[in-house]
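To start, the structure under review is shown below, and the notes come after it.
No value in this document is a laboratory result; all are computed from the given coordinates. Computed from a prediction, not measured in an experiment: that's the story for all the values here. Note: ideal-geometry Cβ built from the backbone for every residue, glycine included; neighbour counts use all protein chains shown.
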Amino acid sequence: MGEKHLRSVDRNAPIQTKVANPDDLPDRSDAPPSGSRRKFLGNVSGVAVAAATVGAIGLEPLLGATSSVARAQEHDGVPGAARADESQEIRINAAHHERAVPIPQHPTNGDQNRYPDQANTYTKGLPHDSFGRVDLNAFATLVHALNTGKHEDFEEITVGGTRTLNGPQGGFAFDLEGTDAYQFGSPLVPPAPALASDLNAAELLEHYWASLLRDVPFTEYASNPIAIAAAAETSGISVYQGPRNSSGHVTPDVLFRGAFPGETLGPYISQFFVTPTSLGQQPISQQQVTYRPNIDYLTDFTSWLLVQNGVDTGLRNQSDPQLHFAHDGRGLSAWTHTDVLYQAYFVAFLVLNTIRAPLNPGNPYVGSKTENGFGTFGGPDFTGTLTEVATRALKAVWFQKWQVHLRARPEATGGLVHLIKTGHADKTDGKLSNVILNSQGLLQSFNKYGTWLLSQAFPEGSPTHPAYPTGHGVVGGACITVLKFFFDGNFVIPNPVVPTNDGLSLVPYTGSDAGQLTVNGELNKLGHNVSFGHGIHAGIHWRTDTDVSLMLGEAVALSVLHDRAQTYNEKFTVHLTKFDGTTATISNQ
C-alpha cells in the first residue's frame with residue numbers, strides 16, 4: 001500500500017489529475033472473495049455509491065450473536081483479554097464492511113483536457129501571465145505532485161506569490177472510522193458543470209446578482225428592485241437550480257435559498273443562526289461582527305491578477321464596530337471568513353438545548369426511569385461526534401477538490417468574462433454561454449463597478465484550494481446529519497424570531513408558516529445559510545459546490561454512524577430524514 005496507493009499514472013497521458021483506474025488498486029487481504037478484482041469491480045458499473053448513502057441502511061450487528069457488553073473475564077489466563085479480543089473483532093469487522101463498499105467512478109467535466117490554457121481549472125496561487133493564463137510549467141508541478149502523492153513533490157510546486165496552497169495533501173489521508181474518501185463518487189459527486197454550459201453561466205449570473213445585493217437585508221428582498229430583477233431574470237433560465245414557487249417562478253422570497261425540505265419556509269436566516277443561547281454559564285446572544293457595507297474587492301484587473309498569482313495585496317476587511325444579527329449577504333460572508341468550520345452546528349446544538357428540543361425517539365434512554373445517556377447518547381457524545389465527523393468529511397471533500405475536479409473559482413471565471421467583454425476573447429481558450437455574457441445581472445454589475453469582473457467580499461478573494469465541492473458545505477452536511485441522529489427533527493421551533501432590517505434586534509416571526517418551522521427544516525436552512533454565505537454571497541463558491549457538498553457530508557456522517565453503532569452497548573434503532581426527504585436508519589439490533 002503506502003504512498004503509491006491510488007496514485008499510479010500514465011506519464012505519457014495528457015495532463016490530468018483524475019485518480020488511477022480502480023483495477024490498479026493493490027490486493028488486500030480483506031477484499032471481497034470474488035473470482036477476480038476486475039470481475040468484482042465490473043459488476044459495480046460505476047453507479048453504486050457508499051452504502052451510507054442509501055435511504056435505509058441494513059445494519060446487522062457486526063458480531064452476530066456475540067454480546068457487546070464489556071466483560072472482565074480471562075482469556076488465555078489474561079484478565080480482561082476477552083474484551084480486548086472483542087474490541088479487535090469489532091474493528092476488523094468494521095474494516096471488512098467498509099472494504100465491501102463498491103468502488104465508484106470519479107468522472108469530471110472534461111474541461112481540463114478541453115482547454116489547453118486550463119481556462120476552467122483551478123490555478124490560483126500559481127504564476128499567471130498578464131491576461132490571467134496560468135504558467136503551464138508551474139501547473140505541471142502541481143499536477144505532478146497530485147499524481148505522485150509524495151510530500152516532497154508538493155514542496156516543489158511552483159507558486160506565484162506568498163500565499164500557500166490550502167491542504168492539497170488532505171485527500172490522501174486515510175481514516176479509521178467511516179468509509180474511505182475514495183469510495184464516495186458518482187452519482188453522489190457528479191462532474192461539476194462545464195465552463196461553456198448554460199448551467200455554469202446561470203450559477204455565475206447568480207453570483208453577480210448576489211454581489212449587487214450583498215448589503216440589502218433579506219427581509220427587504222420582496223420590495224427591493226434589484227432583488228425583483230434578479231428573481232425575474234433567473235426565473236427565465238430553465239437550468240437554474242434554485243427553488244421556485246408553486247407556479248414555477250423564482251421570486252425574491254426564495255432567491256439564494258436552498259431547495260431541501262423546509263428551506264423556503266419562514267425567514268431566510270435559520271432560527272439556529274439567531275436564537276440566543278448559552279455555552280454553560282456564558283451567554284451567547286448570536287450577534288456577530290460583520291464588515292462595513294459597500295466595500296468590495298477585486299474589481300480592477302491589476303488587483304485581480306495579483307490575487308490569482310497568490311500575492312497579498314495588503315488590503316484587509318474593515319470590521320463594523322456595531323454588532324449585528326445575521327441579516328444580509330455581507331454578514332453571512334463575514335461569519336464564514338473566520339468561523340471554525342463546525343461552529344454554526346455546535347451553536348445549533350446549544351440552541352437545541354435552549355429550546356428544549358426532544359431527543360430522537362430512537363435514543364435508547366427515551367422514557368427510561370432508571371438512567372440517562374452521558375458518554376453515550378448524552379451531551380458529551382453529541383458534541384464529540386459533531387466535531388469528529390467534521391474532520392472525516394473534510395478528507396472526503398479534499399480528495400474530490402484536488403484529486404478529481406480542480407474546479408476554478410467564480411472569481412477566475414469572472415476574469416474570463418472580463419477578457420471576452422473587453423475584446424480579448426482571443427487571449428483565452430475558454431468559452432462561455434450567452435446566459436451570462438448577455439445578462440442583465442452582468443450589465444448591472446458593470447454599471448456599478450465599471451468592470452466585468454465579479455466583485456468579492458474579501459480582498460484576497462477565495463481560499464487557495466479548488467471550488468468543487470466545498471469544505472463549509474461538507475462539514476455542514478456531516479454535522480447536520482449528526483444533529484438529526486441525536487434530536488427529533490420533527491419538533492416545531494417555538495417562538496421563532498427574525499432580525500430587524502438593520503440587524504440590531506430580533507422580533508417575533510409572525511408569518512403564516514411560523515408554526516411549520518421544524519428542527520430538520522431549520523437545520524437544512526442553516527447548512528445553506530453558512531455555505532452560501534461562504535459561496536454565493538461572498539463570491540467564492542458555486543451553488544453546485546454547496547448542494548453536492550451537503551449531500552457528501554451527509555453520506556460521510558452516515559457511514560461513521562454506521563460504524564459507531566456497533567460500538568454502543570445500548571441497543572437502538574434511529575431513523576432520520578435525509579436532505580432528499582428519504583429516511584436513513586442506523587441500528588445495531
Length-normalised contact order of segment 220-291, Cα under 8 Å, at least 6 apart, in percent, tallies to 19 percent
The relative contact order of the chain, taking Cα pairs under 8 Å that sit 6 or more residues apart, comes to a percentage of 22 percent
Phi angles of segment 500-508, converted by Karplus (6.51 cos²θ - 1.76 cosθ + 1.60, θ = phi - 60°) into ³J(HN,Hα) in whole Hz with x for Gly and Pro, give 5, 4, 8, x, 8, 8, 10, 10, x
Relative contact order as a percentage, segment 432-528, C-alpha pairs under 8 Å and 6+ apart, gives 23 percent
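Checking the table Lys448/Lys578; Lys150/Lys421; Lys124/Lys421 against a 31 Å threshold on Cα-Cα, which pairs fail?
On the way: Lys448/Lys578 41 Å; Lys150/Lys421 41 Å; Lys124/Lys421 22 Å.
Violating the 31 Å limit, Cα to Cα: Lys448/Lys578; Lys150/Lys421.
Going by C-beta contacts inside 10 Å, put Arg409, Arg91, Arg564 in order with the fewest on the left.
Details: Arg409 27, Arg91 16, Arg564 20.
Placing the least packed residue first, the sequence is Arg91, Arg564, Arg409.
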Taking r as the C-beta separation of Ala232 and Asn501 and R0 as 22 Å, the FRET efficiency to the nearest 0.05 is 0.45
One finds, for Thr567 and Gln281 with R0 = 25 angstrom and r their Cβ-Cβ distance, a FRET efficiency to the nearest 0.05 of 0.20
Semi-axes of segment 407-487 from the Cα gyration tensor (sqrt of 5 times each eigenvalue, largest first, whole Å) come to 33, 14, 13
For the chain, the dipole about the Cα centre with charges only on Cβ (Lys and Arg +1, Asp and Glu -1), to the nearest 20 debye, works out at 440 debye
The extension gain from Asn137 to Val289, computed as 0.36 nm times the residue separation minus the Cα-Cα distance, is 50.5 nm
Long-range amide H partners of Arg407, meaning residues 5 or more apart or on another chain whose placed amide H is closer than 5 Å, are Tyr122, Ala467, Tyr468
Going from the fewest other Cβ atoms within 10 Å to the most, one would list Glu460, Glu388, Glu206, Glu220 as Glu220, Glu388, Glu460, Glu206
In whole Hz, the Karplus estimates of ³J(HN,Hα) for segment 222-230 (6.51, -1.76, 1.60; θ = phi - 60°; x where Gly or Pro) are 4, 10, 7, x, 5, 5, 5, 5, 4
At the level of C-alpha centres, the distance separating segment 500-526 and segment 426-456, in angstrom, is 35 Å
Residues whose built amide H sits under 5 Å from the amide H of Phe572, excluding neighbours closer than 5 in sequence, are Asn588, Gln589
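Beyond 16 Å, how much of the Cα-Cα pair distribution for segment 327-419 remains, as a whole percent?
Details: 3135 of 4278 pairs.
Every Cα pair in segment 327-419 considered, those over 16 Å come to 73 percent.
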Any residue on another chain or 5+ positions along whose placed amide H is under 5 Å from the amide H of Phe487 is listed here as Asn360
Long-range share for segment 295-341, i.e. C-alpha pairs more than 17 Å apart as a percent of all pairs, stands at 48 percent
Rounded to the nearest 500, the 222 nm mean residue ellipticity computed for the chain from DSSP H runs (n ≥ 4, each -39500 (n - 2.57)) alone is -11000 deg cm²/dmol
Once the mean of 1/r over all distinct C-alpha pairs in the chain is inverted, the Kirkwood radius in Å reads 25.1 Å
Scalar couplings 3J(HN,Hα) for segment 563-574 by Karplus 6.51 cos²θ - 1.76 cosθ + 1.60 (θ = phi - 60°), nearest whole Hz, x for Gly and Pro, are 5, 5, 4, 6, 9, 6, 6, 5, 8, 7, 9, 10
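I need the calculated FRET efficiency for the pair Ala81 and Lys369, taking r as the beta carbon distance and R₀ as 45 Å, to the nearest 0.05.
Details: r = 36 Å, r/R0 = 0.79.
Between Ala81 and Lys369 the formula returns 0.80.
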Between the residues Thr290, Asn447, Thr376, the Cα farthest towards the positive end of the dipole of the chain, that dipole coming from +1 and -1 charges on the beta-carbon of Lys, Arg, Asp and Glu, is from Asn447
